[in-house]
Structures are given as C-alpha cells and as structure tokens.
Amino acid sequence: MPNEPGASDALIQLRGVTKTFGEGATAFQALKGVDLDIARGDFVAVMGPSGSGKSTTMNILGCLDVPTSGQFRFKGHAVETLDRDQRALLRRRYLGFVFQGFNLLARTTALENVELPLVYRGEDKAKRHELGMAALDKVGLADWWDHTPAELSGGQQQRVAIARAIVTHPDVLLADEPTGNLDSARSIEIMELLTDLNRNSGITVLMVTHEPDMAAFARTIIHFKDGLVERIDQGSGDRAGAGATA
C-alpha cells in the first residue's frame, strides 16, 4: 500500500464510478456514474429502494468490491488500483463493519467476540483484553464481558457487534441495517450509540437503512435511485458543517 497521503476534508471521493455485473445480453449496470464526496467525521445514512445501487456502493466503499470504471479515493489512496491483499490491509487498518444479523460466535463470550479482529491482527493476549474491555466499556457492556450471545438481548448483541467493529479504532464504521432486527426502543438506543461514537470518538459513520426515522439521526442522507445519487438531504444530526456532496 502506498504511504499515507496528506490529510483532506474529503475522506472518501467517488468520481464517475460504475459497476456492471455479468456480460453481454445479461449484463446489469448497478452503478451508472456515481460522484460523491464524504467528509471526515460525517454521519451518513444511505437510502433507496432495492436495486437502487446503495448496497453496491457500500460494498465498494467497504473495499469488498471494486468499480468497473471510475475513481475511488479513500484517505487519498487510489483504491481502484489496489490488489486484493492491499484492499484487505486497508479494510483491517481503517474500517469497521456492523451487520443487521450481529454475526457473533455463539459459544464465545462478549469479550472474546470483540477481541476477534485483534487476534487476526496478531495482538498478544494482554493487549487484546485491554482493548476489548475498553471497547465494551464504550458501548456500555463492560459488566457483561463474560456473557455469551444467548445470554444477551438483541440490543446488547448489536452493542457487542459495534464494540467488535470499533476495537481496532477504525476511521470509518460501515453499518448495514444495524437496527433491522431490533424493536423501536432498542433501535433508538443503537442509533444514540452510533451518534455518540460519531460525535465523541470522531468515527465517520456510513449506514444503510430503509427506515426514515433512523436515517434522521444522521447528519447527511444520501438517496440512491436507478444506480445514481438522486439527492442529498440534511438529517437531524447536530454536527454542523459541510457533509457529503454529489
């Protein structure tokens, strides 16, 4: 991976990004030339109907897929030029992921689940414990460190998943329908937690959601339609300043 570039307010830039699946008569163009800037420290909700391109865009932003054409800059890196191993390194160094289904290991404790990214990073046991407990404390679950997922509520399980995502101190947290499996009260708790992490830890949050009430927590709401950014609205988030632009 290239050396760390100079700082810029635009943490993420997409220019003319397209994505086509398949070939010939069966080809489907999921993205049709997306231009997008996302500022450092923003809280962004991504919305749109099925097939709008939002999930494809999130996969590209998460370095899980690459554009068919166009430019993707992350912290100044030309991501579209990186190979698979370089993208994996970028993911491990800068990104955290939260999913609708929690994806916790059933037979391990909350702390052991949170420590997993540190295991992959090669941290020793003492360091894993220190960082894991700090992450659990940040999401309000330090006292539940020795409980398995079956002993936790849905909201608590999602908090553990968020702790796992932030234990490596990522620049960006990508959340895919993080409240999709939760009731209204637990959903609000998770959104308040994401807001707190964004505001007080400086983590840029990119969240896919179908729920306008949840999107309203964000500072910036990006609407996708037919493979393009349809419009960008301002949410109710209280962080002032410039957000995403298309």
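Every number in this text was worked out from the coordinates using simple rules, so none of it is lab data. Being a predicted model, the structure only gives us computed values, none of them experimental. Heads up, the Cβs are rebuilt from the backbone with ideal geometry, glycines too, and the neighbour counts pull from every protein chain shown.
I'd like to know which of G76, L182, L193 lies farthest towards the positive end of the charge dipole of the stretch 68-219, counting +1 on Cβ of Lys and Arg and -1 on Cβ of Asp and Glu.
Farthest towards the positive end: G76.
Place a +1 charge on the Cβ of each Lys and Arg in the stretch 61-145 and a -1 charge on the Cβ of each Asp and Glu, then give the dipole magnitude about the Cα centre in debye, rounded to the nearest 20.
Roughly 200 debye for the stretch 61-145.
Assign unit charges at the C-beta atoms only (+1 for Lys and Arg, -1 for Asp and Glu), then state the dipole size of the chain relative to its Cα centre in Debye, rounded to the nearest 20.
Rounded to the nearest 20 debye, it is 540 debye.
Using a cut-off of 13 Å between beta-carbons, work out the net charge of the residues near S187 (Lys and Arg +1, Asp and Glu -1, S187 not included).
Here the charged neighbours net out to -4.
Assuming a strict under-17 Å limit between Cα atoms, what lysine pair count do you get for the chain once near-sequence pairs (fewer than 8 apart, same chain) are dropped?
Lysine pairs, 8 or more places apart or on different chains, close enough: 7.
Specify which residue in the list F102, G24, S52 is farthest towards the positive end of the charge dipole of the stretch 1-114, using unit charges on the beta carbon of Lys, Arg (+1) and Asp, Glu (-1), about the Cα centre.
In the stretch 1-114, that residue is F102.
Could you tell me which of rounded, prolate or oblate describes the stretch 132-193, using a ≥ b ≥ c as the square roots of the eigenvalues of the alpha-carbon gyration tensor, with rounded for a/c under 1.5 and, failing that, prolate when a/b is larger than b/c and oblate otherwise?
oblate
Measure nothing fancy, just the Cα-based angle from helix 184-201's long axis to the longest principal axis of the chain, in degrees from 0 to 90, nearest 10.
The answer is roughly 80 degrees.
Rounded to the nearest 500, what is the chain's calculated 222 nm mean residue ellipticity when only DSSP H runs of at least 4 contribute -39500 (n - 2.57) each, over all residues?
-10000 deg cm²/dmol
Helix 110-121 versus the longest principal axis of the chain: what is the Cα-based angle in degrees, 0 to 90, to the nearest 10?
50 degrees
Once you list every other residue whose beta carbon is under 11 Å from the beta carbon of G101, what net charge do they have if Lys and Arg are +1 and Asp and Glu are -1?
-2
With +1 assigned to the C-beta of every Lys and Arg and -1 to the C-beta of every Asp and Glu, and no other charges, what is the dipole magnitude of the stretch 138-227 about the Cα centre in debye, to the nearest 20?
Its charge dipole is roughly 260 debye.
Within the set of other residues whose C-beta is less than 9 Å from the C-beta of M207, count the net charge using Lys and Arg as +1 and Asp and Glu as -1.
Summing Lys/Arg as +1 and Asp/Glu as -1 gives -2.
Assuming 0.692 mPa s and 37 °C, estimate D for the stretch 84-227 with Stokes-Einstein, Rh taken as the Kirkwood radius over Cα pairs, in µm²/s.
Here the translational diffusion coefficient equals 211 µm²/s.
How far is helix 154-166 tilted off the main Cα axis of the chain, in degrees rounded to 10, range 0 to 90?
On a 0 to 90 degree scale, this one is about 70.
How large is the direction-averaged shadow of the alpha-carbon convex hull of the stretch 48-160, in nm²?
It is 9.0 nm².
Where does the Debye-calculated log10 I(q)/I(0) of the chain sit at q = 0.16 Å⁻¹, using only Cα point scatterers of equal weight, no solvent?
Listed by q, the Debye log ratios stand at -1.19.
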